[in-house]
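As structure tokens, the structure follows; a few thoughts come after it.
Any read-out appearing in this document is the output of simple, stated calculations on the displayed coordinates, not a laboratory observation. The structure displayed is predicted, hence computed values, not measured ones. All Cβ positions, even for glycine, are placed from backbone atoms using ideal geometry, and neighbour counts span all protein chains on display.
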Amino acid sequence: MPAPGDIHVVHNERLQAFVAYQLTHQDARDGSLAVLTLDWTGATLPDPAAVAAMQPARFNYLQQDNALHHLGVGKQVPRDFQRVGWRAPLVDAAPNRFGSWPDGSEIERQRHWDALDAAATQAFKRAADAEDRTVLLEHGDYPVRRCATRLDGAAMNLAPSLHLFDALPLLTRLDIGEPVPGLLPWLRTRPLIHTLDISHTQDTTLDLRGTGLVQASIDATGLHHLHLNHGLSRLTLHGTITPGLVIEGEDDGRWLTLISTDATLRWSGLAALGALQLRDVRELDGGRIAERFLQLRALHVTGAPAVLHGLQRLGELQHLHTLSASDVFPPEDAVFPAPGCWPRLCRLWLGSVPAALGAAIRKAYKREVASGLDLAVTQLRTPDWLAANVDNPFRDWDGSAHVTTAQANKAATLYRKACSEALKLASASGDAAAVTEALAQVGRTYTEGFNALDRRSGFIETEEREQIYTAWLGIVDAVEARSVMALDREVLRAAMNEARTF
């Protein structure tokens, strides 16, 4: 049984080294553990002398200053963690942050920071200590100040030269919604800019090589070639992805997590992709995933809900470490891969899956929990549930921790009623202003329904509030599509906010 003081190591493939951790605390209420990163890495397992010399690791990348990496995590030690010794816990205080089990990526980030241009990192640290709000560039209500951490394309296009922004030592993010001449050559001179969100690229080729990006979100509409930089760890693709798109990346994508809502995977490249996240998909093919990405280590799927074909083909992914899925429904006769297919599997999280399949998975994988598999199979669904909830944006409320079944059902009813009334407006005669005004009233009634639902128990928090709002925007989208009108979304947004009390 895991206990505070235990020291474990886990192998990080990118570092080609083991990284050491200590379990420091265990919550008496639920058994959850706290994990501290230690200052040891090595190509082979540590000997007793190395264990005795280990100390807490300290991190200073970005805003951190000699900080510990100390997290509250789950209670099941992953099976790829190896116990190598015990020492009295090296820190007294319990952590105030929570997250997933670490894997050495925090060591990667520190080493990446240490390898950056020293003048740039020192300027960043100095600027972080003393906020300079001097205006560098006027930009309406949002002038660019010397302490800016992000820029958008509109502001950049106001500058006589992009090198004006070299005076922003804290700049780490770019949100580019319009073409910015000279963007990429300039970006290659700014190694601390780690995040790029770009759309409307116009060109058919986007070349990020030579930049210091760690995360990129790209509208791939019209792209034929996408060249990724070394060090990129997360790539989000949106827009209309054409079958002719070719993506090239470091080590064929081995260290990359790719995020997309397009499950067709019609583009080519990244044959060694490390992690794939498919979000809000309606249909996907396990065989297609296995054929494209045989070395996949992590697969996450959220359905809208989704029909999954070729479930058993996922068993071909022998390197799989993590599999999570929710609102994914294979055919009734589908067979889930047996435990032997995934010798490296450490985490299997399935939510909102067919009841019979979920029960079979629990039975088949029960023994694996004893050897360290983190198993969670929740929210088992009947065929009747699926038939009733295929178009219900609040389907995941049913069975959640703090929303009752009655509340989930009422939310679905409010949505369907608002959707029905809104689509009637789309078919009626009238101009955009008249439809907007009538739809605003539908939005008020929809919102007041949730006010009443929340009044007794106050269960609507940030996540639920966002889901209610997103569902309403989906209704507005449907009305615009059917009526072929551009509605005044500010009026519709204001109507909802004025009525909202949750």
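Here the relative contact order of segment 301-365, from alpha carbon pairs under 8 Å that lie six or more residues apart, stands at 37 percent. For Asp207 and Gln16, a Förster radius of 22 Å and the Cβ-Cβ distance give a FRET efficiency of 0.20, rounded to the nearest 0.05.
Beta-bridge orientation, the chain: approximately 30 percent antiparallel, per DSSP, counting only bridges with both partners inside. The residues packed around Asp251, meaning those with a beta-carbon under 15 Å from its beta-carbon, carry a net charge of -1 if Lys and Arg are +1 and Asp and Glu are -1. Rounded to whole Å, the principal axis extents of the Cα atoms in the chain read 81, 65, 49, largest first. The lysines within cross-link reach of Lys366, meaning a Cα-to-Cα straight distance under 17 Å and a gap of 8 or more places when in the same chain, are Lys75. Note down the net charge around Ser400, summing +1 for each Lys or Arg and -1 for each Asp or Glu among other residues with Cβ under 12 Å from its Cβ. For residues surrounding Ser400, the net value is -4. Note on Glu178 and Ser420: their simple-model spin labels are 4.5 nm apart, each label 7 Å out from Cα toward Cβ. The residues packed around Met54, meaning those with a beta-carbon under 11 Å from its beta-carbon, carry a net charge of 0 if Lys and Arg are +1 and Asp and Glu are -1. Were the residues from Gln318 through Trp349 laid out at 0.36 nm apart, the gain over their Cα-Cα distance would be 9.4 nm.
Based on Cα contacts under 8 Å between residues 6+ apart, the chain shows a relative contact order of 6 percent. If you average the alpha carbon positions of segment 190-209 and of segment 443-502, how far apart do those two centres end up, in angstrom? Segment 190-209 and segment 443-502 have Cα centres separated by 34 Å.
Taking a straight Cα-Cα cut-off under 28 Å and skipping sequence neighbours fewer than 8 places away in the same chain, the lysines within cross-link reach of Lys410 are Lys424. Among the trypsin sites (Lys or Arg not before Pro) in segment 439-480, those located in a DSSP loop and surrounded by at most 10 other Cβ atoms within 10 Å of their own Cβ are Arg456. Mean separation of Cα pairs under 8 Å and 6 or more residues apart, divided by the residue count, gives segment 397-499 a relative contact order of 39 percent. Return the aspartates and glutamates within reach of Lys125: Cα separation strictly under 15 angstrom, same-chain partners fewer than 8 residues apart disregarded; answer none if there are no such residues. Here the aspartates and glutamates satisfying the reach criterion relative to Lys125 are Asp65, Asp114, Asp117. Each principal axis of the Cα cloud of segment 274-390 was taken in turn, and the coordinate range along them, longest first, works out to 37, 31, 22 Å. Segment 270-331 and segment 100-138 have Cα centres spaced 35 Å apart. Rounded if a/c is under 1.5, else prolate if a/b beats b/c, else oblate: with a ≥ b ≥ c from the C-alpha gyration tensor eigenvalues square-rooted, which is segment 116-193? Oblate shape, in that a/c is at least 1.5 and b/c is the bigger or equal ratio. The ranking of Asp488, Asp203, Asp431 by Cβ neighbour count inside 10 Å, starting from the fewest, reads Asp431, Asp203, Asp488.
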